[in-house]
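Every read-out reported here was derived from the displayed coordinates using simple, explicitly stated rules and does not represent laboratory data. Since the structure is predicted, the reported quantities are computational estimates derived from the model, not experimental observations. All Cβ positions, glycine included, derive from the backbone under ideal geometry; neighbour counts span all protein chains shown.
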Amino acid sequence: QSALTQPRSVSGSPGQSVTISCTGTSTDVGGYNYVSWYQQHPGKAPKLLIYADYRRPSGVPDRFSGSKSGNTASLIISGVQAEDEADYFCCSYARNYNWVFGGGTKLTVL
Amino acid sequence: QLQLQESGPGLVKPSETLSLTCSVSGGSITDNNYFWAWIRQPPGEGLEWIGSIYYSGSTYYSPSLKSRVSTSVDTSENQFSLKLSFVTAADTAIYYCARQENPNIAPRGIDYWGQGTLVTVSS
């Protein structure tokens, strides 16, 4: 199972919108509504931001949203803030009880 | 509030077996809505799913690690464990235990994580 493809880094100024893509195949991202997104600050455990492609857990700010088209999922941060500077990972269920992560994207807030 | 805590040796010699336990508190490991997962992260790198276990004992492993991984669950102690055999320096990583969606039920992501424990493979 190959890792999902994410850009290594993205950046944006405070208040701008930032999009992070996550590309897989029809056997993972495109085959199930099981994409999730995680935020990880240095030295911390990952935190769930989005599940089921676009659903947001309670307590996650609504500036974080998820979408999917075909084999590519996206995390959109609308109005990025300084505290959003972190690493972001996507994850998808794949067939036969496997899960695969993306390589991670470092978000820099300028 | 669910909490997970990893425990085990922080240093393992090459070719030996890495063993970790995850203690779950604030919730039951027998909740049928969830699997229980092990995920690792080499220093400065990305996340890698190692494997998952259901409270019944059913196990699911990453194809790349399957030959070296085993997991078990102890419902009486509300904990689950990981063993990774024949370790090398490439297995040096932060190891996380976590609560994960049951794909037979509904997508929920990986919603609770332990703090992680660094395991170094070195002689």
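Remarks
- Looking only at residues of region B:102-123 that are buried (at least 16 other Cβ atoms within 10 Å of the Cβ) and in contact with a Ser or Thr (Cβ under 8 Å, 6 or more places away or on another chain), we find that the one that is farthest from the other protein chains (Cβ to nearest Cβ) is B:Val121.
- Strands (runs of 3 or more DSSP E) lying entirely in region A:3-60 (those with 1 or more residues that are more than 15 Å from the chain's Cα centre (by Cα), closer than 18 Å to A:Val109 by Cβ and more than 9 Å from chain B (Cβ to nearest Cβ)): A:9-12
- Only residues that are surrounded by fewer than 18 Cβ atoms within 10 Å (Cβ to Cβ) and either among the polar types (S, T, N, Q) or over 24 Å from A:Asn96 (Cα atoms) (or both) were counted across region A:28-45, and they come to 5.
- Selection count, region A:77-92, where residues are closer than 14 Å to A:Val18 by Cα and surrounded by 16 or more Cβ atoms within 10 Å (Cβ to Cβ): 7
- Criterion violated by A:Ala73 - all others in (1) assigned to a strand (DSSP E or B); (2) surrounded by fewer than 22 Cβ atoms within 10 Å (Cβ to Cβ); (3) among the small types (Gly, Ala, Ser) satisfied: (2)
Yes/no matrix, rows are residues, columns are (1) polar (S, T, N, Q); (2) closer than 17 Å to B:Ala98 by Cβ:
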site: A:Pro14; (1), (2): no, no
site: A:Thr19; (1), (2): yes, no
site: A:Tyr38; (1), (2): no, yes
site: A:Glu83; (1), (2): no, no
site: A:Leu110; (1), (2): no, no
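- Out of B:Phe86, B:Phe35, one residue alone is more than 9 Å from the chain's Cα centre (by Cα), within 14 Å of chain A (Cβ to nearest Cβ) and farther than 17 Å from B:Gly10 by Cβ. It is B:Phe35.
- Restricting attention to region A:1-27, the residues that are within 25 Å of A:Ala94 (Cβ to Cβ) and of a type outside the set (A, V, I, L, M) add up to 14.
- Residue count for region B:72-123, restricted to those that are more than 23 Å from A:Phe89 (Cα to Cα) and aromatic (Phe, Trp, Tyr): 2
- Listed by first and then second residue, the pairs linking a residue in region B:103-123 that is more than 14 Å from B:Arg40 (Cβ to Cβ) to a residue that is among the basic types (Lys, Arg), with Cβ atoms under 7 Å apart and 6 or more places separating them unless they lie on different chains, are B:Asp111/B:Arg99; B:Tyr112/B:Arg99; B:Ser123/B:Lys13.
- When A:Cys91 is tested against (1) over 19 Å from A:Ser9 (Cα atoms); (2) of a type in the set (A, V, I, L, M, F, W, C); (3) at the interface with chain B (Cβ under 10 Å from one of its Cβ atoms), exactly one condition is not met: (1).
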